[in-house]
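Nothing in this text is a laboratory measurement; each read-out follows from the coordinates by a stated rule. Given the structure is predicted, the values throughout are model-derived calculations rather than measurements. Methodologically, a virtual Cβ is constructed for each residue, glycine included, from the backbone with ideal geometry; neighbour enumeration extends over all protein chains shown.
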Amino acid sequence: MDFRLPATVVPARYDIRLEPDLETATFAGEETIAVSVKESVTEIVLNAAELAILSVAIEGPGGVVVQGSAALDETNERARLLFPAPIAPGEWRLKLRFTGVLNDRLHGFYRSTYTDAAGVAHTLAATQFEATDARRGFPCWDEPTLKAVFGVTLVVPEGLAAVSNTAVVGETPAGPGKKAVAFADTIRMSSYLVAFVVGELVATEPVMVGKTPLRVWCVPGKTRLARFALEIGAFSLDFFERYYGLPYPGDKLDLLAIPDFAAGAMENLGAVTFRETALLVDETAASHSELERVADVVAHELAHMWFGDLVTMTWWNGIWLNEAFATFMELLAVDAWKPEWKRWVTFGVSRAAAMTVDGLESTRPIEFEVLAPRDCEAMFDLLTYEKGASVLRMLEQHLGPEGFRNGVRLYLDRHRFANAETTDLWKALGDAAHQPIPEVMDGWIFKPGYPLVSVEPEGRGLKISQRRFRYLGGEEGAEERWRIPITLRASVKRGFVHKQLLLEAGEVLVPLPASADWVVVNAGGHGFYRVRYAPPLLKKMSGALAKLEPIERFNLLSDGFALAQSGMLTAADYLDLTARFAGETDRNVWTVLTGSLAYVNRAMAAEHRPQLEALVRQRLETAAERLGWEPQPDETELERQLRGDLLRALGTLGNDPATQGRAREVYARYRDDESAVDPNVLPGVIAILAASGGEAEYAEFLGRFKSARTPQEEQRYLYALAGFRQPELLSQTLDRTLNGEVRSQDAPFLIRALLTSVYSREPAWEFVKANWEEMARRYPGSAYRRMWEGITALVSPAWEQDVQGFFTARRIDLGGKTLEQYLEQLRVAVRFQERETAPLAAYLAQATKPKR
Ligand SMILES: [Zn+2]
């Protein structure tokens with residue numbers, strides 16, 4: 001089957017009039033599409049799904065009108081418009097009338113509901129068209145290259161707000177109690193960027209950024225939560241106009257919080273939609289992580305207004321560039337806005353997550369052939385966003401920030417209002433930097449995986465070699481090569497030697513003035529590769545941690561744990577390495593450390609869990625004692641967040657009775673006076689109370705989830721329901737994922753959390769096996785796919801067999817290589833378990849023996 005529409009007829013302009021009926025969850029529409037007929041046809045093929053086409057006509061030069069009929073092909077989401085006589089080449093106007101449904105799957109034109117403070121239910125309608133769901137809103141040529149101008153009119157009840165991509169240019173009465181809201185023409189853009197939102201929404205006063213009015217929209221009563229988003233929104237809009245050297249391409253910019261939203265946000269030009277947690281926040285009650293999330297997502301979407309919206313990928317295989325670039329720009333903007341957040345260090349966590357997938361046999365190149373829409377949806381993953389952004393950062397560092405920016409400007413200028421390929425960006429970057437780009441980049445973009453760089457002393461210098469990093473697969477791939485920009489810093493005779501080189505061969509000798517005491521390869525931490533140090537180098541380096549940058553310490557641990565997962569380092573040696581981090585002050589380093597201990601916990605037999613908990617307490621107690629429970633006046637936001645993270649890990653993973661007792665006291669204080677508890681500590685306290693609490697806590701948290709005043713508060717209490725340990729309570733939480741109490745945008749993630757916890761994974765797995773079909777029907781596709789990631793935590797040979805059998809028997813396809821990747825991650829964990837069970841038990845017994 002050919003996945004592209006025939007090129008015989010192409011659209012130039014759509015005039016669309018839609019009338020949604022929120023009561024019956026349907027809509028009626030009519031559209032006139034100005035098309036160019038390239039060769040004589042009796043059939044016009046375009047996309048339509050879940051629509052009924054009521055009438056078809058085409059009007060040609062000189063007013064000739066030909067009536068046609070429509071045949072729908074639901075499987076391929078197409079409509080064939082058939083005409084009794086040939087339509088001659090030339091400019092025609094296609095006129096269609098149609099009806100559709102406001103679905104509950106959070107894609108296409110869909111329905112979202114919420115209950116206000118008085119308990120009254122309300123409905124609104126919103127769109128999510130990327131990747132290929134504009135065809136559920138109106139018949140269209142739903143491919144990114146078929147750009148057109150959109151003139152939209154929405155017919156809605158008088159009292160409701162209607163928002164689309166551009167400014168309102170007219171409002172006229174349209175029958176009893178209704179108005180027709182007409183919007184200005186859009187720029188020439190792709191169908192997936194069109195947006196309609198209709199409902200009882202309210203907007204903030206506009207903030208002017210240059211000529212652009214910026215507003216936040218939300219359900220009534222929540223505008224008080226919009227200030228932070230307006231601030232980062234205004235900053236990043238201005239930042240991008242300067243960076244790109246081009247004005248914002250729209251006439252206004254609305255940021256809309258939608259109560260039901262499948263993804264994080266969507267970059268519809270001028271009408272960016274968000275899930276509430278990614279836009280609305282109370283700065284005085286939110287943790288650093290919660291604020292950072294809002295800043296990241298807002299900056300990311302605004303970066304797309306140029307990169308994605310003004311210049312768009314030619315086909316979905318180029319989605320990586322769209323998303324990688326927006327992720328890269330989001331970091332650049334947030335880092336410029338709040339340098340004290342050290343956003344590029346935190347990005348280490350995201351880079352490491354991408355390396356986890358990219359170390360699998362079932363990984364894929366960043367740029368990957370996409371034919372079917374299903375596979376396109378699967379492209380929205382860690383490789384696209386995080387590996388892509390890592391590789392762009394590596395290139396930016398290689399070219400220098402200014403040369404890189406000039407190349408980006410040249411690219412946008414060359415291709416604005418049109419489409420481009422990855423090679424067009426390389427060409428522009430190369431032209432601006434006066435050096436060829438593809439040779440360096442190709443290995444990172446078009447090849448799967450990444451290198452493991454090994455370092456060992458050789459004479460007075462170092463031998464540096466490369467091979468592919470693999471969790472499984474042993475010696476295979478030893479001959480694979482990347483062009484690796486390497487930055488190293490060696491401690492030599494109490495001074496430092498810095499070197500930069502491009503490693504192209506299998507190995508290279510790097511001479512040093514004297515033999516190195518220790519050396520950091522991937523200095524500065526931007527490289528997308530792992531490093532394995534020869535034992536003597538590792539030993540000396542772990543004695544000099546204070547001399548490393550936080551991102552270098554992060555990589556040392558992250559790479560060390562990956563080597564342990566792949567069998568190149570023993571788990572005992574890795575755990576010994578973690579003992580050197582008692583004085584660690586960076587929260588990202590702690591994130592990788594506690595994350596690795598949680599992984600070990602999932603691989604341990606239950607009888608050894610108390611010893612692992614003791615080890616967790618040993619590793620964390622020095623840092624936790626240093627920070628205490630109370631925020632200090634001279635602390636940074638990051639230190640406060642670290643306090644919250646460490647206490648949470650001690651009270652849950654470490655199961656520490658003292659921390660749990662103190663958390664109960666703190667929460668009791670919070671009940672009396674909410675300002676008495678630091679917002680960075682509170683989420684951890686809630687998680688600890690869930691882990692150590694019972695029915696009373698469960699009832700309270702459920703109540704607070706239902707009456708939450710901010711999206712962040714709602715999320716904390718919702719996920720706490722997955723953190724309890726009593727089977728009866730967990731069974732209640734599982735039931736809530738399908739009984740309508742938890743939104744379908746959140747339920748799949750709640751299930752993933754339940755599958756991941758050692759206390760709930762067994763009942764959760766049984767529940768998912770029994771209910772997966774209903775879940776597939778009710779949950780949005782993207783979230784449903786991510787739910788299955790939870791199976792990677794079912795670490796035992798018996799579970800693995802059960803999981804394999806389940807997927808084989810039911811032929812569940814999650815698109816792309818998603819399922820293969822989850823199954824392989826499970827294989828890696830089971831292998832780790834098989835290899836390490838006995839040695840780990842011995843290690844833990846020894847390490848946690850009470851000392852005399
Ligand atoms: Zn994006």
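A few comments on the model shown:
- Packing-based order for 833-839, 591-597, using average beta carbon neighbours within 10 Å, highest first: 591-597, 833-839
- With a cut-off of 20 Å on the backbone N, the residues of the stretch 588-605 near the modelled label site 7 Å out from Gln618 along Cα-Cβ are 590-605.
- Prolate/oblate/rounded label for the stretch 246-388 (Cα gyration tensor, a/c 1.5): oblate
- Straight-line cross-link reach from Lys769 at under 30 Å between alpha-carbon atoms covers these lysines, not counting any fewer than eight positions away in the same chain: Lys706, Lys817.
- Angle in degrees between helix 637-651 and the longest Cα principal axis of the chain, rounded to the nearest 10: 70 degrees
- Rounded to 10°, Cα long-axis angle of helix 657-672 versus longest principal axis of the chain: 40 degrees
- Positive-end extreme of charge dipole, the chain - chosen from Leu738, Thr32, Leu650 (charges on Cβ): Leu650
- Residues with amide H under 5 Å from that of Lys179, placed H, sequence gap 5 or more: Val156, Glu158, Ala174
- Mean ellipticity per residue at 222 nm, deg cm²/dmol - from DSSP H runs of n ≥ 4 across the chain, formula -39500 (n - 2.57): -13000 deg cm²/dmol
- Acute angle (nearest 10 degrees) that the helix 695-706 long axis makes with the longest principal axis of the chain, alpha-carbon atoms: 40 degrees
- Taking packing as the residue-averaged number of other Cβ atoms within 10 angstrom, the listed peptides 554-565, 626-637, 275-286 run from highest to lowest as 554-565, 275-286, 626-637.
- Protection proxy ranking, highest mean first, for peptides 25-37, 51-63: 25-37, 51-63, where packing is the per-residue count of other beta-carbon atoms within 10 Å, averaged.
- Taking the Cα centre of the stretch 534-573 as reference, the dipole from Cβ charges on Lys and Arg (+1) and Asp and Glu (-1) amounts to some 160 debye.
- Cα shape, the stretch 325-461, gyration tensor, a/c 1.5 rule: rounded
- FRET efficiency for the pair Arg409 and Thr42, taken as 1/(1 + (r/R0)^6) with r the Cβ-Cβ distance and R0 = 41 Å, rounds to 0.30.
- If the convex hull is drawn through the Cα atoms of the stretch 104-239, its volume per residue in Å³: 139 Å³
- Separation of the stretch 15-43 and the stretch 371-426, taken as the distance between their Cα centroids, equals 33 angstrom.
- Listing Ile437, Ile791 from fewest to most neighbouring C-beta atoms within 10 Å gives Ile437, Ile791.
- Three-way shape call for the chain based on the alpha-carbon gyration tensor, with the a/c threshold at 1.5: prolate
- Selection from Trp141, Gly119, Val163 lying farthest towards where the dipole of the stretch 16-164 points positive, charges on Cβ: Trp141
- Estimated distance in nm for a label pair at Glu507 and Asn739, the labels positioned 7 Å out from Cα along Cα-to-Cβ: 6.4 nm
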